[in-house]
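In what follows, a structure is listed as structure tokens, so that the remarks can point back to it.
The values are calculated or read from the model by the stated rules, or taken from the named source; none is laboratory data. Small disclaimer: the values here were computed from a predicted structure and weren't measured. Because the Cβ atoms are built from the backbone with ideal geometry, glycine has one as well, and the counts that use them run over all protein chains shown.
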Amino acid sequence: MHVPDLFDGRTFTRLEDGVAYAREAPVDDRVEAAVNALPNELVYAGWSLGVMAAQKLAQTRSGARGALLISSAAAPEDFGGPWPQGVPLQMHMMENDEWAKDYDIPAAREIVANVKRAELFLYPGDGHLIADNSAPDYDEKAASLLKKRVEEFLDKAR
């Protein structure tokens, strides 16, 4: 497992400050550098802001074994085209997540409608970081089910 630090070691006490930093300092170069030394045959996973990097890599780097997008998703066209044929995709979000309900969830539904091996799991509630037990919107039941589904996805991707 490889987890690039998209924030250069910085931490933030307020979510808004972390989001603002991510918008000021695009992460594409750091992510590209982190994966260049790795084999192409990877499952890319992203959480919240990290989904953009994971989705871009899964769509644009040949050989992807799959993608896991948690708490966010984008239209494949945002990264230059349709979802790559044969690359499995699993997305997880809460159905009333304020960060995801206007763009991400509709984008995920569109992907599922057009991509054969794409799955979208919507959990009841309005949290965003639902599987982070240090976050205020942690949901133990959703986190447990999400973990089970991710493990099954990864077992199939081997």
Considering the stretch 108-151, residues that are farther than 17 Å from Val87 by Cα and small (Gly, Ala, Ser), and then whichever is surrounded by the fewest Cβ atoms within 10 Å (Cβ to Cβ), we arrive at Ser134
- Please tell me if Ser72 is touching a helix residue (DSSP H, G or I) at 6+ places or on another chain (Cβ under 6 Å), closer than 29 Å to Ser144 by Cβ and not aliphatic (A, V, I, L, M). yes
The condition of being of a type in the set (A, V, I, L, M, F, W, C) and within 21 Å of Ala142 (Cβ to Cβ) holds, among Leu38, Leu42, Leu57, Leu69, only for Leu69
In the stretch 88-131, anything touching a strand residue (DSSP E or B) at 6+ places or on another chain (Cβ under 8 Å), farther than 22 Å from Asp155 by Cα and in a loop (DSSP other than H, G, I, E, B) is listed as Glu95, Ala100, Pro124, Gly125, Asp126, Gly127, His128, Leu129, Ile130
Note on Ala73: of the conditions (1) in a loop (DSSP other than H, G, I, E, B); (2) of a type in the set (A, V, I, L, M, F, W, C); (3) surrounded by fewer than 19 Cβ atoms within 10 Å (Cβ to Cβ), unmet is (3)
Among Leu68, Leu57, Leu6, the single one that is at pLDDT 95 or above and either assigned to a helix (DSSP H, G or I) or surrounded by 12 or more Cβ atoms within 10 Å (Cβ to Cβ) (or both) is Leu68
